[in-house]
1. Say we look at region 94-108 and pick out the residues that are in a loop (DSSP other than H, G, I, E, B) and either within 16 Å of the chain's Cα centre (by Cα) or modelled with pLDDT of 95 or more (or both); which of these is surrounded by the fewest Cβ atoms within 10 Å (Cβ to Cβ)?
2. Please state which of the following conditions Ser190 fails to meet, knowing it meets all the rest: (1) open to solvent by less than 20 Å² (accessible area, probe 1.4 Å); (2) under 30 Å from Lys79 (Cβ atoms); (3) more than 14 Å from the chain's Cα centre (by Cα).
3. How do the pairs read when you match residues in region 79-100 that are of a type in the set (D, E, K, R) with residues anywhere that are assigned to a loop (DSSP other than H, G, I, E, B), using Cβ under 7 Å and keeping only pairs 6 or more apart or on different chains?
4. Restricting region 113-166 to residues that are within 16 Å of ligand 1 (Cβ to nearest atom) and in contact with a Gly (Cβ under 9 Å, 6 or more places away or on another chain), which is most open to solvent (accessible area, probe 1.4 Å)?
5. Anything in region 3-25 that is farther than 25 Å from Ser156 by Cα and assigned to a strand (DSSP E or B)? List them, or say none.
6. Let me confirm something: among Ile5, Ile32, Ile46, Ile20, which residue is without any contact (Cβ under 8 Å) to a residue 60 or more places away in the chain and hydrophobic (A, V, I, L, M, F, W, C)?
7. Go through (1) at pLDDT 95 or above; (2) under 18 Å from Glu211 (Cα atoms) one by one and return the number of the condition Val3 breaks.
8. Looking at region 114-142, which of its residues are farther than 17 Å from Ile175 by Cβ and assigned to a loop (DSSP other than H, G, I, E, B)?
Amino acid sequence: MFVEIKNLQYKYKNAIEPTIKDFSLQIEKGEIVSILGESGSGKSTILRLVTGLEIPNSGSISINNRTIFDEVTFIPPEKREVGMVFQDYALFPHMTVANNIKYGLRKMSKKEKKERIDEMLSLVNLSKYRDRYPYELSGGQQQRVALARALAPAPSLLVFDEPFSNLDTYLQIRIRDELREILKQTGITSIFVTHDQEDAKVLADEIIYLENGKTIWKGAPDNLLPYTQVNRVNQINKKTF
Ligand SMILES: Nc1ncnc2c1ncn2[C@@H]1O[C@H](COP(=O)(O)OP(=O)(O)OP(=O)(O)O)[C@@H](O)[C@H]1O
Ligand SMILES: [Mg+2]
């Protein structure tokens, strides 16, 4: 398995209960997994644990056969090769599109950097916008720059935390189709967090439902049930994941 998350447990310091309770997930190379769940179920926390912004209390995480966390290992965020895209894009306002994308590129010659930026701009269809500043772009274009910036250093894994929540419905629908195409074109493995079932259905190869820091359902997009039903089925089956 390309990504192996095993028995993760995590409790925020000032919380009474653990937010993540025995969470496990396996992802094949090139697969897109979507995590669905209500507000507060722990979706962002899982991404924070995978990216290294928080340290799990127990469990293990490995990516591409490299352990990035277990009882004796903690690889810091910048060495994990995990790219992130968030809902507020977090572009640098004082940098052009090209320089925003360049930011994550290290250990490359000037020529290689330029080639990589060109490649990314063409991938997200923004070649004409390389010298614009973020405030000169629409929300959807900014989101595509954020995607290009995250993809540029060729991360092993890309994680998305509700990246469409600032877009209007029309743009959201267009971008999620585009995004699946781009991800499949690059063959990158990704985790996509959302509370929108349609996003998950369109984008993901596999979907999991999270409730109170635990997986309560896992399956293919075609088999996805509404949350209330998943909840009911789970109470009857008591299946563990
Ligand atoms: N820094 C923190 N300290 C204490 N508790 C926290 C902290 N951050 C989040 N939590 C709590 O952990 C739980 C899970 O939060 P998380 O942000 O992972 O939820 P989420 O599923 O991403 O929700 P949303 O859909 O609203 O983004 C919530 O109950 C939240 O209040
Ligand atoms: Mg969240």
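The values are calculated or read from the model by the stated rules, or taken from the named source; none is laboratory data. Only a predicted model underlies this, so the values are computations on that prediction, with no experimental measurement involved. FYI the Cβ positions are ideal-geometry reconstructions off the backbone, even for glycines, and counts take in every protein chain you see. With ligands, DNA and RNA removed, areas are computed over all heavy atoms of the protein, side chains included. Shrake-Rupley method; radii C 1.70, N 1.55, O 1.52, S 1.80 Å.
1. Among those residues, the one meeting the criterion is His94.
2. That leaves (3) as the condition not met.
3. The qualifying pairs are Arg80/Gly52; Glu81/Pro155; Glu81/Ser156; Asp88/Asn166.
4. Ranking the qualifying residues of region 113-166, first place goes to Asn166.
5. Lys21
6. Ile5
7. Among (1) at pLDDT 95 or above; (2) under 18 Å from Glu211 (Cα atoms), Val3 violates only (2).
8. Arg130, Asp131, Arg132, Tyr133
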